[in-house]
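Heads up: the structure comes next, in structure tokens.
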Amino acid sequence: MKNLTNREEELMKLFWEKGPLFVKEIIPLLDDPKPHFNTISTIVRGLEAKGYVAHEAFGNTHRYYAAVSETEHGKRTLGSVVNRYFSNSYLSAVSSLVKEEKISLDELKELIDLVEKNK
């Protein structure tokens, strides 16, 4: 699945938080300056082409909904980051977090305990 732009991520968050939406319902939820209806419609159709949203037809209009859960997207994004920046090594990714003090030794021990319990 393709990566999302910042605007696409913003729209996906709305679908995850609010549920199914018509394009006209999305625009008031966005920060000013409000984008044009056609701009948002194009982005939503792009999300659909990427497989992130689907729609149900109501006459000439469509109500869109998330086809990918936020959790699933997060896993895919993490996998992409690990692949791209850590040569597909989760060990290298975690080591980097420890070195940069983004994760404490206690948190790392807790993670190891969690993994061992799920074996």
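The numbers here are math on the coordinates, done by the rules we state, and not lab data. Only a predicted model underlies this, so the values are computations on that prediction, with no experimental measurement involved. With ideal geometry, Cβ positions are generated from the backbone for all residues, glycine too; neighbour counts draw on all protein chains shown.
Values computed for the structure shown
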{"item": "Calculated SAXS-style log₁₀ I(q)/I(0) at q = 0.27 Å⁻¹ - the stretch 70-117, Debye, Cα scatterers", "result": "-1.03"}
{"item": "Burial order of peptide ranges 49-57, 10-18 (average beta-carbon count within 10 Å, highest first)", "result": "10-18, 49-57"}
{"item": "Listed residue (H73, L97, V115) projecting farthest to the positive dipole end of the stretch 70-117, Cβ model", "result": "H73"}
{"item": "Span from the the stretch 99-116 Cα centroid across to the the stretch 7-80 one, whole angstrom", "result": "35"}
{"item": "Charge dipole (debye, nearest 20) of the chain; +1 at Cβ of Lys and Arg, -1 at Cβ of Asp and Glu", "result": "460"}
{"item": "Assigned charges on the beta-carbon of Lys, Arg, Asp, Glu; the stretch 1-64 dipole about Cα centre (debye)", "result": "160"}
{"item": "Debye log10 I(q)/I(0) at q = 0.19 Å⁻¹ for the stretch 6-66, Cα point scatterers", "result": "-0.62"}
{"item": "Gain in span if fully extended, E56 to D31, counting 0.36 nm per residue against the direct Cα distance", "result": "6.4 nm"}
{"item": "Kirkwood Rh (inverse of mean 1/r, distinct Cα pairs), the chain, angstrom", "result": "16.8"}
